[in-house]
Amino acid sequence: MKKYLFLFHDQWDPTQENKDAWSKWFAAVGDKMVDSGSPLGPGREVTPAGGKDLSPEMGAATGYSIFSAENLSEAEKLLEGCPIASSVRVYEALSM
């Protein structure tokens, strides 16, 4: 089983309705969840030339989770029923 990093790109609105939707989705994926992750706060992009603040409007990630799946297609299917408002980027976590 491989691990996949899900990077969420969304404006998180912590209403009870949204929290309930996320809890329902997490329960639906069950044992495929490795780490439920968390919402992300302000971030910076750092390069050899310097750094700059990132914001959701600039495409910054706003949350992450880690799941297990056999392949990328199976990982993508885990997003069915996910309360996504914008997008999710899915990456395979490769072994070192």
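The values are calculated or read from the model by the stated rules, or taken from the named source; none is laboratory data. Computed from a predicted model, the values in this text were never measured in an experiment. Using ideal geometry, Cβ is built from the backbone for each residue, glycine included, and neighbour counts are taken over all protein chains shown.
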- [ ] Exactly one condition in (1) of a type outside the set (S, T, N, Q); (2) in contact with a helix residue (DSSP H, G or I) (Cβ under 7 Å, 6 or more places away or on another chain); (3) closer than 24 Å to Asn18 by Cα is not met by Glu92; state its number.
- [x] (3)
Task: Residue that is farthest from Ser87 (Cα to Cα), among those in the range 1-22 that are modelled with pLDDT of 90 or more and exposed (fewer than 12 other Cβ atoms within 10 Å of the Cβ) - done: Met1
Open item on the list: Suppose we filter the range 54-78 for residues that are exposed (fewer than 15 other Cβ atoms within 10 Å of the Cβ) and either farther than 14 Å from Leu40 by Cβ or of a type in the set (Phe, Trp, Tyr) (or both); how many remain?
Closed with: 7
Task: Number of the exception - Arg44 against (1) touching an Asp or Glu at 6+ places or on another chain (Cβ under 6 Å); (2) surrounded by 15 or more Cβ atoms within 10 Å (Cβ to Cβ) - done: (2)
Task: Spans of strands (runs of 3 or more DSSP E) in the range 1-79 with at least 3 residues in contact (Cβ under 8 Å) with a residue 24 or more places away in the chain and either in contact with a strand residue (DSSP E or B) (Cβ under 9 Å, 6 or more places away or on another chain) or under 21 Å from Tyr91 (Cα atoms) (or both) - done: 2-9, 33-39, 63-69
